[in-house]
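The values are calculated or read from the model by the stated rules, or taken from the named source; none is laboratory data. As the structure is a computational prediction, the values presented were derived from the model and not from experiment. Reconstructed Cβ throughout: ideal geometry from the backbone, glycine too, with neighbour counts over all protein chains shown.
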Amino acid sequence: MKTLVSQFIAVIAAILAGFVFVMPVAVPVHGVDITWYDGTGFWDETGKWFPAQLPGVGDNVTLNVAADLYTITHRSGNDTIRTITNDEIVVVNGGSSLTILLGGTNTRTLQTGGASAGTLNLNGGTLTNTGGTLRADADGVVNLSGATILNGTLTTSGTGVITTPSGGASQNTATLNGVTIATGSTFV
């Protein structure tokens, strides 16, 4: 009898162990800090980022190559990142879009349009723009949807548009040129 009970327990243990290894587990995805470390180039060039991967939804992105000012062009696709720390020129065009979920800092230029259409979405959080410029050139769109911009310059040229579709805000000493203000937005 003791052997039969032992065998039964062993079978149940094996079944439960197999269930644990096969059962899908939801693991939250945590972003990483991703840094652009090479000169002028395209956002979609994996080899110019450290670690060598393209930034994604949960990632904090830093663009700050020591000593020089470079242009990083987001030319294709629709990408979303968590935050940005920018001390370079980032251009979003080629019909692409870049969405920043929680703001960050910009001390240089975040630009859309120019050579072709592009969209920059700031979907919340605060972007400290001290010394920086948010710029929408020809066919470029910057959407401030629930984002707060502190300081700096917001400007458009040609057919470029900066909009505040829902609850965008600009505070402190921001300079506004050609910005469309929607109901629910604040500029102080």
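Observations, loosely collected:
- Pairs linking a residue in the stretch 32-56 that is hydrophobic (A, V, I, L, M, F, W, C) to a residue that is exposed (fewer than 14 other Cβ atoms within 10 Å of the Cβ) and part of a helix (DSSP H, G or I), with Cβ atoms under 9 Å and 6 or more positions apart or on different chains, are Ala52/Thr46; Leu54/Thr46.
- Residue check for Asp68: within 24 Å of Thr105 (Cα to Cα), at pLDDT below 95, of a type in the set (Asp, Glu) and out of contact with any Gly (no Cβ under 6 Å at 6 or more places or on another chain): yes
- No other residue among Gly94, Gly114, Gly103 is at pLDDT 95 or above and farther than 20 Å from Asn151 by Cβ apart from Gly94.
- Evaluating Ile81 against the criteria (1) out of contact with any Pro (no Cβ under 6 Å at 6 or more places or on another chain); (2) surrounded by 15 or more Cβ atoms within 10 Å (Cβ to Cβ) leaves one unmet condition, (1).
- Residue count for the stretch 63-77 under the criterion of being assigned to a loop (DSSP other than H, G, I, E, B) and under 17 Å from the mean Cα position of the chain (by Cα): the result is 4.
- Number of positions in the stretch 85-136 that are more than 21 Å from Tyr37 (Cα to Cα), hydrophobic (A, V, I, L, M, F, W, C), over 14 Å from the mean Cα position of the chain (by Cα) and not in a loop (DSSP other than H, G, I, E, B): 2
- Here Thr80 does not qualify as assigned to a loop (DSSP other than H, G, I, E, B) and either touching a Leu at 6+ places or on another chain (Cβ under 7 Å) or modelled with pLDDT under 95 (or both).
- Among residues of the stretch 137-159, those that are under 13 Å from Leu176 (Cβ atoms) and either without any contact (Cβ under 8 Å) to a residue 40 or more places away in the chain or touching a Cys at 6+ places or on another chain (Cβ under 8 Å) (or both), counted: 7
- Subset tally (residues that are surrounded by 24 or more Cβ atoms within 10 Å (Cβ to Cβ), within 15 Å of Ser97 (Cβ to Cβ) and not β-branched (Val, Ile, Thr)) for the stretch 135-146: 3
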